[in-house]
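Working notes, structure below.
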Amino acid sequence: MNPEDRPELTKTSKLVGASGDTIKEKGKGLFSLKLGPVHLEIEAIVAEIDDDGLLGVDILQNGNDGPADLLLSKGVLVIDRQEVPIIQVGLENRIRKVISADHFIIPAQSECIIDAYIERKEYDDFTTEREYIIEPTDHFRRAYPLQMASILVDINRACTCKVRVLNPFPTAVSIKQDAVIGKAEPVEGMPKTIVEQEDNRQARNYTSARRINLLPPDEAEGIVEKAA
């Protein structure tokens, strides 16, 4: 820190690490800390440690707007009601976010195919790792009363990919644009697609939603006959 920015340090109590060894410290002082969009005025201890900085439970638990929340499914730390991105250091994060490309309404008791973006990296156009499998996140399962089918996609084939979701309930469900609906993880080896679609006769069927029938075939036929 620049000399003019350094706060005055005062003596502090003995600092002990997780191993029980005493850590050499220089004192404590009032610091201005910036975490993404969040600005904090906190009392911190200056000590000889290997990390650039450590946030203690007193900082995370005693915020102005209550305790901080760690949302690993979204990759953020929520502190003072603001989201701070979490970046894992030392290990490559191969999991990509799958984001809704538009605002979609999934009708009651229907199956829909929606468009989604997969988070991209600068090196994606040059790498051979392009086959990814998309699956729902735990957050998606908790937030939406929907079922999502796992799907294998080529991230370099198009700017968006198709995701199939099923709404088995009697009310429509809304998915907002830019909502995180799934995660994409690279597939090892060279996977091959057996068929491009379930039924070749549906090649010219551009309908994005189709109704599902939750009744046994014999009961469904009886209802159709009565209606006729």
Original post:
Which of the residues belonging to region 87-120 are open to solvent by 70 Å² or more (accessible area, probe 1.4 Å), assigned to a loop (DSSP other than H, G, I, E, B) and either modelled with pLDDT of 75 or more or in contact with a Phe, Trp or Tyr (Cβ under 9 Å, 6 or more places away or on another chain) (or both)?
Top reply: Arg94, Asp102, His103, Gln109, Arg120
Subject >> Residue count, region 16-47 (criterion: over 35 Å from the mean Cα position of the chain (by Cα), closer than 21 Å to Asp5 by Cβ and open to solvent by 90 Å² or more (accessible area, probe 1.4 Å)) >> reply: 1
Original post:
Given Val84, Val46, Val76, which one is β-branched (Val, Ile, Thr), closer than 30 Å to Val98 by Cα and in contact with an Asp or Glu (Cβ under 8 Å, 6 or more places away or on another chain)?
Top reply: Val76
Original post:
Quick one: would you say Arg142 is more than 17 Å from Glu119 (Cβ to Cβ), surrounded by 14 or more Cβ atoms within 10 Å (Cβ to Cβ), out of contact with any Gly (no Cβ under 6 Å at 6 or more places or on another chain) and modelled with pLDDT of 85 or more?
Top reply: no
**OP:** Count, please, the residues in region 36-89 that happen to be in contact with a helix residue (DSSP H, G or I) (Cβ under 8 Å, 6 or more places away or on another chain), β-branched (Val, Ile, Thr) and closer than 28 Å to Glu119 by Cβ.
**Re:** 1
Original post:
Mind checking which residues of region 6-37 are within 27 Å of Asn64 (Cβ to Cβ), out of contact with any Leu (no Cβ under 9 Å at 6 or more places or on another chain) and either at pLDDT 80 or above or assigned to a loop (DSSP other than H, G, I, E, B) (or both)?
Top reply: Arg6, Leu9, Thr10, Thr12, Ser13, Leu30, Pro37
Subject >> The lone exception for Ile133 - which of (1) open to solvent by 50 Å² or more (accessible area, probe 1.4 Å); (2) more than 16 Å from the chain's Cα centre (by Cα); (3) within 20 Å of Glu188 (Cα to Cα) it fails >> reply: (2)
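The values are calculated or read from the model by the stated rules, or taken from the named source; none is laboratory data. None of these values were measured; they are calculated from a predicted model. Backbone-built Cβ (ideal geometry, glycine too); neighbour counts: all protein chains shown. What goes into the accessible areas is simple: the full protein's heavy atoms, side chains included, and nothing from ligands, DNA or RNA. Shrake-Rupley method; radii C 1.70, N 1.55, O 1.52, S 1.80 Å.
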